[in-house]
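Participant: This is the structure I want to talk about, given as structure tokens.
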Amino acid sequence: MEKKDEDLKKAQMLDARARNISHNVRCTECGSQSIEDSQADIAILLRQLIRDEIGAGKTDKEIYNKLEDEFGETVLYAPKFDLQTAALWLTPVLIAGGAAGVLAYNKHRQLTNVHIMALNLIRGVSLTPKERATILDVLIPPPPPSQGMLSRLKRWLNR
């Protein structure tokens, strides 16, 4: 009786192991299902191959390697992390990080612009037109290639 119980437990463990491996292997015919969920002929054959390999004493890693060698890396739901997949997964993260860095730098530069800070200080002070022109000449930096910033500053001061 104990022998039957041990054999039953061993068979259940091997079956659970085979199901676990089958859930991680993509059906080559269906593409969107694991071989555990698929009823395609190739899925049935692959499930049997996995059970045979387990019965032969192979480890999970050896079974995954055999399936990958025979059917390619796309048969596994969890592909290896190598240089090609790293570039695929990390490129969007790097682009988003670069864009966030540029935005943060521009915001920081905008908030710490000494000329704008100085103009804010004199904004509420009553000045004669000559004093205002002199201070604007001193505080406003040389115009960049586009005149848009300078005209915006003058409009802002004249509000």
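Participant: Could you list all residues from region 71-90 that are loosely packed, with under 10 Cβ neighbours inside 10 Å and touching a residue at least 24 places away in the same chain (Cβ under 8 Å)?
Facilitator: Passing the criteria: only Ala78.
Participant: Could you tell me which residue of region 12-57 is farthest from Phe71 (Cα to Cα), considering only residues that are under 31 Å from the mean Cα position of the chain (by Cα) and among the acidic types (Asp, Glu)?
Facilitator: The residue in question is Asp37.
Participant: Looking only at region 123-152, filter to residues that are at pLDDT below 70 and assigned to a helix (DSSP H, G or I); which one of those is farthest from the chain's Cα centre (by Cα)?
Facilitator: Filtering first and then ranking leaves Leu150.
The values are calculated or read from the model by the stated rules, or taken from the named source; none is laboratory data. None of the values given here were measured: they were computed from a predicted structure. Neighbour counts are summed over all protein chains in view; Cβ atoms, including those assigned to glycine, are modelled from backbone coordinates with ideal geometry.
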